[in-house]
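What follows is a short report on a single structure.
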Amino acid sequence: MSSKLPPPFVIAVISILLIANGAAADDPNDGQLATANWPGFRGPSGLGYLQSKNLPLQWGGEKSENVIWKTPLVGEGHASPIVWCDRMFVCTARWDAAVTDRAKVIPEHHVLCYRVSDGKLLWDATIEPGPWLRNDFRSGPGGGYAAPTPTTDGQRVYVVFASSVIAALDFEGKPVWRNEISPHGFDVTIGTSPVLFRDTVLMLCAMSNKKDSRLIAYNKTDGSVKWQKSLPKMGLAHSTPVVINVNDKPQLVVAASGFGESDEGIQSFDPSNGERLWWCRGAGESASVAYGAGIVYCDSGRGGPGIAIDPTGSGDVTSTHIKWRINQVPEGIGSPVIVGDRVYRLHSPNVLKCWQVADGKQVYAERLPKLTSTWASPVADANGRLYFASAGVSYVIQSGDEFKLLATNDLSDPNHASVAVAGDRLFFVGTRHVFCIGAK
């Protein structure tokens, strides 16, 4: 297999980018899909694909190789960063130093804006917390209050915090609108990130109490609810939905089944109105789906089966459109990615598996022994290089028929946040600092 992505793959990625960013004739951001922007979780496509061919392979270490800048992180959390032109945004939570029991106090919710060129903190805005006082802090730095990744359309920044609040700010940090999400039975925390589609902000509410599960489409200009879809058979989930393009039509694919399989664990919706398109038996909880080479691949992220689905069907496609199944995929909170005709899946204990898209046959399984997070989702560049990257120890792997390690890197500030990529630079959020990496 060639180490470079084939032209059809590149064409497919560009098509996905246009749909995922909600490109429309009346969209003021049409045509702004420059490589300088990384507007949401897993980038413009929501799938971890990027167009750059010139990312550095090595960074960090004792000499801080290729570290363009490093600046303190204000607050704590593991929301991934996003980038739009000259600005990088990230969400954090912050308790007052006098607080001795975090389970009794909702922290301040902060949205930070850093200048891309030098890391200067341009502004630090606060969002009034929502109603959910949480007491289970297993879900990472910031107690999971700042887990969802923000998203932006270049005019406003849309944020979600696990006190059950969604809000929008302008590019100067001024509030535009704010809504509380109620009820708020999101299990341990809110892990789902908001997704932009045309004039709406889509929010998956996959709850512990199934009767409260729903999809909500907020009007992105004023926060009013444009439509809402009740999903009383949906299990809990912390995954982020993905907008894909199938036969020139958008689909919002949701993986939500709780901690096991369910008959409607994987579902697809029309993101313009919430109409359900297809569904099938499967498992989904923490990992978002991968899409490429004609299939949707998904697994729970909590352990259990993985399946490949042909997304061209309608109704219940369990018996007609599931292409292959792997009965047991160990826990891997991060998301899978498809490059060329291979599916790449990282899971505990730091094992990277590669399967054939056509039939799920395993190509290889290799350990990444020093990797510090299996929560961070990988990205794939236009050279077919896979970045399993966070602010701790990262690996760069060349896609292909054989495992090929290109580099191991360490910024010594481990966190679960996924990398953002803008232009030829990588942006990381650690537990103490924010980093910009680029070839010097």
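What residue among 377, 80, 139 has the largest mean-square fluctuation in a Gaussian network model of the chain, using Cα springs under 10 Å? Fluctuation is largest for 139. Note on the chain: dipole from Cβ charges, positive end direction compared against 245, 384, 132; the farthest Cα belongs to 384. The listed residues 153, 212 rank as 212, 153 when sorted by accessible area, largest first, using a 1.4 Å probe.
Here region 173-301 is treated with +1 on each Lys and Arg Cβ and -1 on each Asp and Glu Cβ, and its dipole about the Cα centre works out to around 360 debye.
With Cα atoms defining each centre, region 221-246 and region 88-120 are spaced 27 Å apart in the structure.
Taken about its Cα centre, region 291-440 carries a charge dipole of about 260 debye when Lys and Arg each add +1 at the Cβ and Asp and Glu each add -1 at the Cβ. Candidate cross-link partners of residue 53 among the aspartates and glutamates, defined by an alpha-carbon separation under 17 Å and a same-chain spacing of 8 or more, comprise 381, 424. Among rounded, prolate and oblate, which fits region 55-213 when a ≥ b ≥ c are the square roots of the eigenvalues of its C-alpha gyration tensor, a/c under 1.5 means rounded, and a/b larger than b/c means prolate? It is prolate, given that a/c is not under 1.5 and a/b is the larger ratio. Working from label points 7 Å from Cα in the Cα-to-Cβ sense, the residue 439 to residue 406 distance is 1.1 nm. Using a Gaussian network model of the chain in which every pair of alpha carbons under 10 angstrom is joined by a spring, one finds that among 40, 304, 61 the greatest mean-square fluctuation is at 61. Taking every alpha-carbon pair under 8 Å whose residues sit at least 6 apart, the chain reaches a relative contact order of 16 percent. In this Cβ point-charge picture (+1 for Lys and Arg, -1 for Asp and Glu), the chain has a dipole of about 480 debye about its Cα centre.
Given the pairs 174/220; 174/440; 70/370; 120/174; 370/404, which span a C-alpha to C-alpha distance of over 25 angstrom in this model? Spell out each step's value before the answer.
Details: 174/220 15 Å; 174/440 35 Å; 70/370 23 Å; 120/174 18 Å; 370/404 16 Å.
In this structure, 174/440 lie more than 25 Å apart at Cα.
In the context of the full set of protein chains, the chain has a per residue accessible area of 36 Å² (1.4 Å probe). A crude spin-label estimate for the pair residue 319 and residue 74, with each label 7 Å from Cα along the Cβ direction, gives 5.9 nm.
Compute the relative contact order of region 304-384 as a whole-number percentage, counting only Cα pairs closer than 8 Å that sit 6 or more residues apart in sequence. Could you put the intermediate results ahead of the total?
Details: 133 pairs, mean separation 19.8, N = 81.
Relative contact order here is 24 percent.
For Cα Rg over 2.2 N^0.38 Å, the candidate list reads [x] 0.89; [y] 1.29; [z] 0.95; the entry that matches the value derived from this model is [x].
Report in % the part of the accessible area of the chain that belongs to carbon and sulfur, leaving out ligands and nucleic acids; probe 1.4 Å. Display every interim value, and only then the final one.
Values: 7770 of 16020 Å².
C and S atoms contribute 48 percent here.
Positive-end ranking of 416, 348, 167 along the dipole of the chain, with charges on Cβ about the Cα centre, is headed by 348. Quick one: Cα centre-to-centre distance for region 345-423 and region 62-84, in angstrom? What the calculation gives is 19 Å, centre to centre.
Since only 49, 437, 231 are under comparison, the one whose Cα sits farthest along the positive direction of the charge dipole of the chain, derived from C-beta charges on Lys, Arg, Asp and Glu, is 437. Taking 298, 205, 280 in turn, the Gaussian network model of the chain (Cα-Cα springs below 10 Å) assigns the largest fluctuation to 280. List residues of region 277-299, by number, whose backbone nitrogen lies under 13 Å from a label position 7 Å along Cα→C-beta of residue 312. Inside the label zone: 293-296.
The aspartates and glutamates within cross-link reach of residue 353, meaning a Cα-to-Cα straight distance under 18 Å and a gap of 8 or more places when in the same chain, are 299, 331, 341, 366, 401, 402.
Could you list the trypsin sites (Lys or Arg not before Pro) in region 61-122 that lie in coil according to DSSP, counting only those with at most 15 other Cβ atoms within 10 Å of their Cβ?
Working: sites: 63, 70, 87, 94, 102, 104, 115, 120; in loops: 63, 120.
Here the trypsin sites (Lys or Arg not before Pro) that fit, given the DSSP loop and packing criteria, are 63, 120.
Excluding same-chain neighbours fewer than eight residues apart, the aspartates and glutamates reachable from residue 210 by a Cα-Cα span under 12 Å are 187. I want to make sure I understand the PRE zone here: with the label point 7 angstrom from the Cα of residue 85 toward its beta carbon, which residues in region 162-201 have backbone N atoms less than 16 Å away? Output list for this probe position: 170-174. Each label point was placed 7 Å from the Cα along the Cα-to-Cβ direction; for residue 104 and residue 118 their separation is 4.5 nm.
The values are calculated or read from the model by the stated rules, or taken from the named source; none is laboratory data. Just so it is clear, the model here is predicted, and its values are computed rather than measured. Methodologically, a virtual Cβ is constructed for each residue, glycine included, from the backbone with ideal geometry; neighbour enumeration extends over all protein chains shown. Each accessible area value is taken on the protein alone, full model and side chains, heavy atoms only, with ligands, DNA and RNA left out. Shrake-Rupley method; radii C 1.70, N 1.55, O 1.52, S 1.80 Å.
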